[in-house]
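Working notes for the structure below.
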Amino acid sequence: MPSLQSNGINLYYETYGQGEPLVLVAGFTADHTAWYTVTEALSKHYQVIIFDNRGAGQSDIPKGPYSIDQMADDVISLCDALDIQQAHFIGSSMGGFIVQTLAHRYAERVKSVVICNSVAKPESCYNIFAEAQLQLMKAGAPAKAIIQIGLSWAFSQQFLSHNNMLDTLIELNLNNPYPFSIEGFEAQFAALQGFDSTPWLSSLKLPVLVTGSDEDIVFLEPSMKHIADTVKDAEYYRFERCGHLPYIEYPEAFVSRVLLFLQQS
């Protein structure tokens with residue numbers, strides 16, 4: 001699959017299906033493969049575009065720090081290169097920061113947004129965790145240990161304990177041919193830390209679905225629900241017994257709820 005020049009860097013992307021464009025924006029340090037659990041099902045109804053943010057996967061890792069505005073510009077530049085004038089957008093976690101920014105700065109390009117387990121401003125506990133993880137990476141801690149720490153934050157206990165899922169995910173991450181780098185981690189972390197949509201969040205005027213989870217410890221559910229309470233007519237959907245990534249823990253339910261929202265938008 002191809003990469004192209006977007007906002008001065010090479011971005012790796014993949015497209016699936018036909019129809020209205022649906023762009024999926026990954027979260028902090030994640031690459032496009034995070035969306036594989038839902039790509040096929042969504043592509044039966046939409047042209048699905050998945051890609052690697054700057055600093056992750058097979059995209060370039062330019063010198064940081066990055067900003068969320070800059071990463072939103074990357075998405076629009078990608079859409080321009082693909083001749084996409086308008087699209088639906090789904091953003092997970094930090095990807096939720098990016099799609100909030102798209103809705104604010106590029107409203108004419110956005111048909112609707114799904115803000116998946118994200119917040120208006122990152123919470124201090126997660127910043128402390130990510131900073132500690134960065135320091136462990138710089139100190140040369142074993143990759144397996146760093147991956148274990150991240151997985152323990154990202155997923156619910158019942159998901160990780162089912163069918164040796166923890167071991168499976170560890171191996172999957174260890175065998176990733178394009179693992180996240182210290183440089184990409186640090187540059188994206190700067191973007192994450194600098195985000196705050198609270199001054200303009202209430203001004204968004206487009207269809208918005210916010211998803212949250214009762215067992216998410218990356219971002220707490222009240223902070224996720226705050227987005228839906230702030231944006232006029234936004235919908236909120238709660239995944240129960242679920243961690244930070246419902247599209248991985250409950251892909252069928254996630255697709256079902258997203259399709260219902262998109263078809264009504």
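Inspect the range 35-50 for any residue being under 19 Å from Phe185 (Cα atoms) and either without any contact (Cβ under 8 Å) to a residue 24 or more places away in the chain or surrounded by 24 or more Cβ atoms within 10 Å (Cβ to Cβ) (or both) and give the result as yes or no. Outline the logic, then answer.
Here is the first cut: in the range 35-50, the ones under 19 Å from Phe185 (Cα atoms) are none.
Within the range 35-50, none of the residues are under 19 Å from Phe185 (Cα atoms) and either without any contact (Cβ under 8 Å) to a residue 24 or more places away in the chain or surrounded by 24 or more Cβ atoms within 10 Å (Cβ to Cβ) (or both).
Among the residues of the range 207-234, which ones are touching a residue at least 24 places away in the same chain (Cβ under 8 Å) and under 24 Å from Ser152 (Cβ atoms)? Write out each step before concluding.
Filtering the range 207-234 for residues touching a residue at least 24 places away in the same chain (Cβ under 8 Å) gives 207-220, 223-224, 226-227, 230-234.
If the condition is that a residue be touching a residue at least 24 places away in the same chain (Cβ under 8 Å) and under 24 Å from Ser152 (Cβ atoms), then Thr211, Gly212, Ser213, Asp214, Glu215, Asp216, Ile217, Val218, Phe219, Leu220, Ser223, Met224 are the ones that fit.
What are the residues in the range 98-125 that are in a helix (DSSP H, G or I) and either farther than 26 Å from Ala154 by Cβ or at pLDDT 95 or above (or both), if any?
Ile98, Val99, Gln100, Thr101, Leu102, Ala103, His104, Arg105, Ala107, Glu108, Arg109
Working only within the range 19-58, note down all residues that are more than 23 Å from Asn175 (Cβ to Cβ) and touching a Ser or Thr at 6+ places or on another chain (Cβ under 8 Å).
The first filter runs over the range 19-58 and keeps only residues more than 23 Å from Asn175 (Cβ to Cβ), leaving 19-23, 25, 41-49, 54.
Answer for the range 19-58, where residues must be more than 23 Å from Asn175 (Cβ to Cβ) and touching a Ser or Thr at 6+ places or on another chain (Cβ under 8 Å): Val25, Gln47, Val48, Ile49.
Count, please, the residues in the range 101-119 that happen to be in contact (Cβ under 8 Å) with a residue 60 or more places away in the chain and over 15 Å from Phe28 (Cα atoms). Before you say what the answer is, go through the steps one by one.
Taking the range 101-119 as the starting set, the residues that turn out to be in contact (Cβ under 8 Å) with a residue 60 or more places away in the chain are 101, 103-104, 107, 110-119.
This time we only want the ones that are over 15 Å from Phe28 (Cα atoms), so: 101, 103-104, 107, 110-114.
Selection size over the range 101-119: 9.
For the range 51-74, name all the residues that are β-branched (Val, Ile, Thr) and without any contact (Cβ under 8 Å) to a residue 60 or more places away in the chain.
First pass over the range 51-74, keeping only residues β-branched (Val, Ile, Thr): 61, 68.
The answer is none; no residue qualifies.
Scan the range 138-180 residue by residue and report those that are closer than 15 Å to Leu245 by Cα and of a type in the set (S, T, N, Q).
From the range 138-180, those closer than 15 Å to Leu245 by Cα are 150-160, 165-166, 169; that's our starting set.
Of everything in the range 138-180, those that are closer than 15 Å to Leu245 by Cα and of a type in the set (S, T, N, Q) turn out to be Ser152, Ser156, Gln157, Gln158.
Determine if the range 51-59 includes at least one residue that is farther than 21 Å from Ser197 by Cβ and not in a loop (DSSP other than H, G, I, E, B).
yes
The values are calculated or read from the model by the stated rules, or taken from the named source; none is laboratory data. Model, not experiment: these values are computed from the prediction. Because the Cβ atoms are built from the backbone with ideal geometry, glycine has one as well, and the counts that use them run over all protein chains shown.
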